[in-house]
Amino acid sequence: MSISPEASVEQNGVPARRRVGQWPAAERAVRLLPLVREATERLDLIVAGLDDDTIHQPSRLPGWSRAHVVTHLARNADALVNLLTWARTGVEHPMYASRADRDADIDEGADRLAQILREDLRAAGARFLVAATEQPERAWTATVAARMQGAISASEVPSMRLFELWVHLVDLGVDFTFDDVPAHHLEALVAGAVSPHSGRPDWPVMRLTAELPGDRTHTVDLTGGRGDDRTYELAGPAPDVVAWLTGRGDGTALRGDVPVLPAWG
């Protein structure tokens, strides 16, 4: 599956170039940092309200408590700092030493007290924001390797962090849904939901239109390799599109013949 270079935002039904796509890589990354900071502050505020009992209750992710989700978000921040370091220095710094090490760190971290979990999350989020803010302009165009997407431009790292923050805030199961994501974050969130599936051979071919506030739309053509000889035409509110693409919604709010997607991740 690939993202069509013709993917566009439509204004009142008239196709136009994606605003983000018009920016150079460094500018695109830097423009997302205030959104990442805003999402980080929202997450920290919500996690600050979780005591030792509630933070160790089940999350919306099977087999994970809220403490697992919080620990994952902290370690994800550090993993993305590794990618920024790689881009800045030219020395390979993978996100994680291995999948097994990643999973072990999350499992071990989930046993900690709520106060330690909160402090870890705040510190890791701050480390990411400092590293991203201080990233030299030239480093944003470097190629690094993400865990799911493979080779990417370092300029995609802020978008990856923004996506992780909002999706896993929903996963905490604390009365926060994709409908609560600020309107000015939704376009980037839709792009983040699409990006990890680039190159997957098990996805269907589709034209997917996410409806954004202000009568705008974000339309993406996805070319999968599943070979079912049809193109699905789908549209719906951006929060529902993200929920469906990430396996956190059943797609019933979307218009069109909704295909069954392979498992997220």
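The values are calculated or read from the model by the stated rules, or taken from the named source; none is laboratory data. Small disclaimer: the values here were computed from a predicted structure and weren't measured. Don't worry about glycine lacking a Cβ; one is built from the backbone with ideal geometry, like all the others, and counts go over all protein chains shown.
Can we say Asp175 is assigned to a helix (DSSP H, G or I) and among the charged types (D, E, K, R)? It is false that Asp175 is assigned to a helix (DSSP H, G or I) and among the charged types (D, E, K, R). In the set Glu41, Glu6, only one residue is modelled with pLDDT of 95 or more and of a type in the set (Asp, Glu); that residue is Glu41. The set of residues in the range 152-183 being modelled with pLDDT under 95 and more than 26 Å from Thr223 (Cβ to Cβ) consists of Asp175 alone. Could you grab me the full set of residues in the range 103-145 that are of a type in the set (Asp, Glu) and closer than 23 Å to Ser59 by Cβ? Within the range 103-145, Asp103, Asp105, Asp107, Glu108, Asp111, Glu119, Asp120 meet the criteria.
Taking every residue in the range 136-150 that is over 12 Å from Leu84 (Cα atoms) and touching a residue at least 24 places away in the same chain (Cβ under 8 Å) and pairing it with any residue that is among the small types (Gly, Ala, Ser) and part of a helix (DSSP H, G or I), at least 6 positions away or on another chain, the pairs with Cβ-Cβ distances below 7 Å are Gln149/Ser195. Screening the candidates Ala79, Ala87, Ala67, Ala74 for the property of being among the small types (Gly, Ala, Ser), surrounded by 13 or more Cβ atoms within 10 Å (Cβ to Cβ) and under 21 Å from Arg138 (Cβ atoms) yields one hit, Ala87. The criterion of being modelled with pLDDT of 95 or more, surrounded by 13 or more Cβ atoms within 10 Å (Cβ to Cβ) and either more than 22 Å from Thr54 (Cβ to Cβ) or touching a helix residue (DSSP H, G or I) at 6+ places or on another chain (Cβ under 6 Å) (or both) does not hold for Pro94. Do you know which of the residues in the range 28-64 that are among the β-branched types (Val, Ile, Thr) and under 16 Å from the mean Cα position of the chain (by Cα) is surrounded by the fewest Cβ atoms within 10 Å (Cβ to Cβ)? Only one residue fits best here, namely Thr40. In the range 193-224, of all residues being more than 14 Å from Ala235 (Cβ to Cβ) and touching a helix residue (DSSP H, G or I) at 6+ places or on another chain (Cβ under 6 Å), the one that is modelled with the lowest pLDDT corresponds to Trp203.
Looking at Ala114, Ala154, just one residue is more than 21 Å from Ala263 (Cα to Cα), in contact with a strand residue (DSSP E or B) (Cβ under 7 Å, 6 or more places away or on another chain) and among the small types (Gly, Ala, Ser), and that residue is Ala154. For the range 174-199, a tally of residues being out of contact with any strand residue (DSSP E or B) (no Cβ under 7 Å at 6 or more places or on another chain), surrounded by 16 or more Cβ atoms within 10 Å (Cβ to Cβ) and not aromatic (Phe, Trp, Tyr) returns 11.
Taking the conditions exactly as written (surrounded by fewer than 18 Cβ atoms within 10 Å (Cβ to Cβ), under 28 Å from Asp52 (Cα atoms) and in contact (Cβ under 8 Å) with a residue 40 or more places away in the chain), does Phe128 satisfy them or not? So Phe128 does not fit the description; no. Filter the range 9-27 down to the residues that are small (Gly, Ala, Ser) and surrounded by 12 or more Cβ atoms within 10 Å (Cβ to Cβ), then identify the one that is modelled with the lowest pLDDT. Only one residue tops the list, namely Ala16.
Give the residues of the range 40-83 that are touching an Asp or Glu at 6+ places or on another chain (Cβ under 6 Å) and not in a helix (DSSP H, G or I), sorted by residue number. Residues satisfying the conditions are Ser59, Arg60, Leu61.
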